[in-house]
Amino acid sequence: MTTRTRIARLRTIGLTGLATTGAAAAALTLMPTTAQAAEATQAHTSTAVTASSNDSQKSGYSNNLDGWIKQSLQIMKSKGIPGSYDGLKRNIMRESGGNPSAQNNWDVNAQKGTPSKGLLQVIDPTFNAYHVNGTPKSVTDPVANITAAANYAAHRYGSIDNVNSAY
């Protein structure tokens, strides 16, 4: 199956909210070196995924993908990190289908002991290097994951909006 077919399949499944055990996509493996294409293998049962983070509720944002993106954008703006709602959502849907618990356990990074995790499939070393103060120090926290990934993309590509494939 080609990467293009995998991406199309994940988009279709993510939009319809069907269970997607084994659905594939080019995973965004955020790391300071050249990224590897990977396949997301998490089951997604709904596009209305929520996480247990209390930070979203405290901030007044809803505890779902829309709220996490909006909260991240507010933090990004305050820190001078470029990016748009559309750019974040496009990359999130491609990488994890909106599942904050997505984890790639089979690509080269996982084989080396650092699987990519979360909404934007960030590996721990990249998360630690690009973590943004004011967000939880947890790669699987949706807001922290989005904000760190956007910070990385800003440093490497100018903005998350410039990312249209795995990098």
Next on the checklist: Residue pairs, Cβ under 7 Å, 6 or more apart or interchain, first in segment 71-96 and within 18 Å of Gly118 (Cβ to Cβ), second among the charged types (D, E, K, R) and in a helix (DSSP H, G or I). List them.
Outcome noted: Gly83/Asp161; Gly87/Asp161; Met93/Arg11
Checklist outcome for this item: By residue number, the members of segment 88-97 that are under 11 Å from Leu120 (Cβ atoms) and of a type in the set (Gly, Ala, Ser) are Ser96
Checklist entry - Taking segment 112-167 as the search range and keeping residues that are in contact with a strand residue (DSSP E or B) (Cβ under 7 Å, 6 or more places away or on another chain) and β-branched (Val, Ile, Thr), which one is farthest from Ala102 (Cα to Cα)? => result Thr126
Checklist entry - Being modelled with pLDDT under 50, open to solvent by less than 80 Å² (accessible area, probe 1.4 Å) and of a type outside the set (Val, Ile, Thr), is that true of even one residue in segment 56-76? => result yes
Next on the checklist: Return the residues of segment 134-154 that are free of Cβ contacts under 8 Å to residues at least 12 places away in the same chain and either charged (D, E, K, R) or surrounded by fewer than 15 Cβ atoms within 10 Å (Cβ to Cβ) (or both); say none if nothing qualifies.
Outcome noted: Lys137
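The rows are residues; the columns are (1) at negative phi; (2) open to solvent by less than 30 Å² (accessible area, probe 1.4 Å); (3) in contact with a Pro (Cβ under 9 Å, 6 or more places away or on another chain).
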residue	(1), (2), (3)
Pro82	yes, no, no
Asn105	yes, no, yes
Lys112	yes, no, no
Ser116	yes, yes, no
Leu120	yes, yes, no
Thr126	yes, yes, yes
Arg156	yes, no, yes
Asp161	yes, no, yes
Ala166	yes, no, no
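On the given criteria, is Pro100 within 19 Å of Tyr61 (Cα to Cα), crowded, with 24+ Cβ neighbours inside 10 Å and in contact (Cβ under 8 Å) with a residue 60 or more places away in the chain?
no
The values are calculated or read from the model by the stated rules, or taken from the named source; none is laboratory data. These figures come from a predicted structure and were not determined experimentally. Because the Cβ atoms are built from the backbone with ideal geometry, glycine has one as well, and the counts that use them run over all protein chains shown. Just so you know, the surface numbers come from the protein's heavy atoms only, side chains and all, with ligands and any DNA or RNA stripped out. Shrake-Rupley method; radii C 1.70, N 1.55, O 1.52, S 1.80 Å.
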